[in-house]
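The values are calculated or read from the model by the stated rules, or taken from the named source; none is laboratory data. Owing to the predicted nature of the structure, the values given are computational and were not obtained by experimental measurement. Virtual Cβ from ideal backbone geometry, glycine too; neighbours counted across all protein chains shown. What goes into the accessible areas is simple: the full protein's heavy atoms, side chains included, and nothing from ligands, DNA or RNA. Shrake-Rupley method; radii C 1.70, N 1.55, O 1.52, S 1.80 Å.
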Amino acid sequence: MLLSSRNPVNTSTQRRLTSIARTAAGSARSGLPKGQQTRAAILDAALALASQMGLEGLSIGALAEVTGMSKSGVFAHFGSREELQISVIREYHRRFEQEVFYPAIAEARGLPRLAALFERWLKRVSVEIDSGCIYISGAVEFDDRPGPVRDALVGMVQAWQSALARAISLAIDEGHLRADTDPLQIQFEIHGLVLALHHDARFLRLAGSVDRARTGFRSLLERYASPAGLAALKVRPPAAAVRRRPRRPS
């Protein structure tokens, strides 16, 4: 069996997961020693499986089956199921940083950088609608299960939230957000938008969810941003924020 009875899948889904994992396993990273290439290929396959089945769906046996390797071959690189799960979490976080964080911090400090972080996060979630987000699925799987896997997952999520809060604080320092803005409140609201997007797009399959998330982010900026911040994003201030000139007496 590919999966335990906790995570039953039909035959067609099993074949699809096997194809995904073997494709990933076949794309070993060039430039690395052979042993590291093999480990990287196994990790690619494990990440593909975890995105579909969750971290709990991972096991040495399941990974050996879908990659066509022996259990002992997989075990030589990941000594336990727990180590495999933690390695997948770290690899997911590394890729998240490469796709979302590092490109965004190339933008100017302030709202341009914060907006880039949100937009790149949005695009990643959009891609993950069919596969799933390990941060989100992992939180459901391990919310009440203490241990090293949960600790690793919490650490990666907190690292991302800290980076987001830092970008918000810099936007305040640049005068793009009001001085009385609470960075944690904005971070909370942004995270809420992404969770709502994931729920509506992946679970409910509602069309237009990405556009609604963008609209929510613009609404958030209109509530917290200064005129200088909106100008930096080339966003017109909301009508209520525009002071009308008093009419001259006739």
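Can you give me the accessible area per residue for the range 114-195, using a 1.4 Å probe, in Å²? Working shown, then result.
Numbers: 3790 Å² over 82 residues.
It amounts to 46 Å² per residue over the range 114-195.
Heavy atoms only, probe 1.4 Å: what % of the accessible area of the range 111-221 goes to carbon and sulfur, would you let me know?
That share works out to 56 percent.
How long is the gain from E99 to Q37 if the chain were fully straight, where each residue apart is worth 0.36 nm and the alpha carbon distance is subtracted?
On the way: separation 62, 0.36 × 62 = 22.32 nm, distance 2.16 nm.
Stretched fully, the E99-Q37 segment lengthens by 20.2 nm.
K34: which lysines have alpha carbons under 21 Å from its alpha carbon, excluding same-chain residues fewer than 8 sequence positions away?
The reachable lysines, counting only those whose Cα sits under 21 Å from K34, are K71.
Can you tell me which lysines have their Cα less than 25 Å from the Cα of K234? Leave out same-chain residues fewer than eight positions away.
Hits, sequence-local ones excluded: K123.
Would you please put 227-233, 200-206 in order of how densely packed they are, using the mean number of other Cβ atoms within 10 angstrom per residue and starting with the highest?
On the way: 227-233: 16.9, 200-206: 13.9.
Most protected by this proxy first, the peptides run 227-233, 200-206.
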